[in-house]
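Right, one structure below, let's go through it.
The values are calculated or read from the model by the stated rules, or taken from the named source; none is laboratory data. The shown structure was predicted, so the numbers you read here are calculated from the model rather than taken from an experiment. In this analysis, Cβ positions are derived from the backbone assuming ideal geometry, glycine residues included, and neighbour counts consider all displayed protein chains. We work out accessible area using only protein heavy atoms, side chains counted, and drop any ligands, DNA or RNA first. Shrake-Rupley method; radii C 1.70, N 1.55, O 1.52, S 1.80 Å.
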Amino acid sequence: MAAQRLQGVAVIHWYPGHMQKATRQIQTILRQVDVVVELLDARCPRASHNPKIASWLGSKSHLFVLTKADLAQPQWTERWLTFLRSNGVAALAADLRTGGVARTLSEAVLRAGAARRERERRKALQARPLRVVILGIPNVGKSVLVNQLGGRKGAKTGDRPGVTMTGQWIRNDRFWLYDTPGVLWPKLEDPQVAFALAACGAIPMEILPIEEVANWLVARLYELQPSILKERYSLLGEERETLEGIARATGLLQKGGEPDTQAAAVRLLRDFQEGRLGRVTLEQPDESFFVR
Ligand SMILES: Nc1nc2c(ncn2[C@@H]2O[C@H](COP(=O)(O)OP(=O)(O)OP(=O)(O)O)[C@@H](O)[C@H]2O)c(=O)[nH]1
Ligand SMILES: [Mg+2]
């Protein structure tokens, strides 16, 4: 069951078998790697940070990359980077579609792997390629990044969650990169986290309580950028935006002329996910990032 009700709020669960298996596989791989790169969605860095990863890491070097920066508000992405760095965590932001991050990230990975290089030098061991694992929620851009760092299209990518089903090594002479399937954690207990993940496309639409997610997004957008929906859908005379209003304004009507709120919900989520509403950051940095 993907969504159930708890005190009137939809609780979204999506923890399919491949994700459960991948979670175990990641814990094994983590023992073999030098550097961990965790991808966060720049529109919701808090919701997209896997609270389990920190507890698996031990003393491993950990870097964050905020992906889909082209869809987030630049000033908030800057604040997130400042926040993460001021908490001692290395962090970069990227629009992975342009490919420009590979060099900066390669340098950051080499810096993070410097301790191992130093050990090899001290013990006069032959240097071996650094082993790097790329982790993150589904659909955040892991496979795209692996292909950019690896310099070839070895990993399958796609615009929906759950494209990568098993992990694989992609090797070049500097790095061994491990592309992982996107994983969530078994219980998305915090509805704000679940809704943000759903809105940003980390959970397949087919299993979502779609109108509920869209209503959450409508309310959140109204708080953050009050005119964004009015402008996109040319909504007139509506005190607050609603799915009914969006359905009417975009001609999504049922046979009897009633607004098709389900279709409006799908339209809104697609428009948001593909950047047609403009740049939006759903979450602002605060200490709860580290204490979930
Ligand atoms: N706009 C934008 N789209 C991106 C960015 N990075 C990745 N994408 C798109 O996001 C989608 C998912 O990319 P993948 O690399 O397949 O994602 P993944 O994290 O490997 O996903 P799973 O294998 O399902 O866990 C693709 O359609 C990419 O083109 C980005 O920085 N900006
Ligand atoms: Mg993938």
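Brief remarks on what is shown
Residue by residue, here is whether (1) within 24 Å of Ala198 (Cα to Cα); (2) modelled with pLDDT of 90 or more holds:
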residue: Arg5; (1), (2): yes, no
residue: Val11; (1), (2): yes, no
residue: Ile26; (1), (2): yes, yes
residue: Asn50; (1), (2): yes, yes
residue: Leu57; (1), (2): no, no
residue: Ala90; (1), (2): no, yes
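- Residue list for region 170-205, filter: under 16 Å from Arg267 (Cβ atoms) and either in a helix (DSSP H, G or I) or assigned by TED's automatic domain parsing to the domain that holds Pro16 (or both): Ala198, Ala199, Met205
- You will find that of Leu221, Leu236, Leu253, the residue that is outside the structural domain of Pro138 (by TED's automatic domain parsing), surrounded by 15 or more Cβ atoms within 10 Å (Cβ to Cβ) and among the aliphatic types (A, V, I, L, M) is Leu221 and no other.
- For region 165-176, a residue qualifies if it is under 29 Å from Ala114 (Cβ atoms) and either within 12 Å of ligand 2 (Cβ to nearest atom) or among the polar types (S, T, N, Q) (or both), and the qualifying residues are Gly167, Gln168, Ile170, Asn172.
- Filter result (near ligand 1 (Cβ under 8 Å from one of its atoms) and at pLDDT below 90) within region 153-182: Ala155
- Of all residues in region 120-152, those satisfying the criterion of being away from ligand 1 (no atom under 14 Å from the Cβ), not basic (Lys, Arg) and not in a helix (DSSP H, G or I) are Ala124, Leu125, Gln126, Ala127, Pro129, Leu130, Val132, Gly151.
- Qualifying positions in region 147-160 - crowded, with 19+ Cβ neighbours inside 10 Å and near ligand 2 (Cβ under 8 Å from one of its atoms): Ala155
- Evaluated against (1) assigned to a loop (DSSP other than H, G, I, E, B); (2) at pLDDT below 85; (3) among the acidic types (Asp, Glu), Asp95 falls short on exactly one condition, (2).
- Of all residues in region 46-66, none satisfies being within 16 Å of ligand 2 (Cβ to nearest atom) and open to solvent by 40 Å² or more (accessible area, probe 1.4 Å).
- Residue within region 208-215 that is open to solvent by less than 40 Å² (accessible area, probe 1.4 Å), outside the structural domain of Ala47 (by TED's automatic domain parsing) and not in a helix (DSSP H, G or I) present: yes
- Inside region 228-270, residues that are outside any helix (DSSP H, G or I) and of a type in the set (S, T, N, Q) make up a count of 4.
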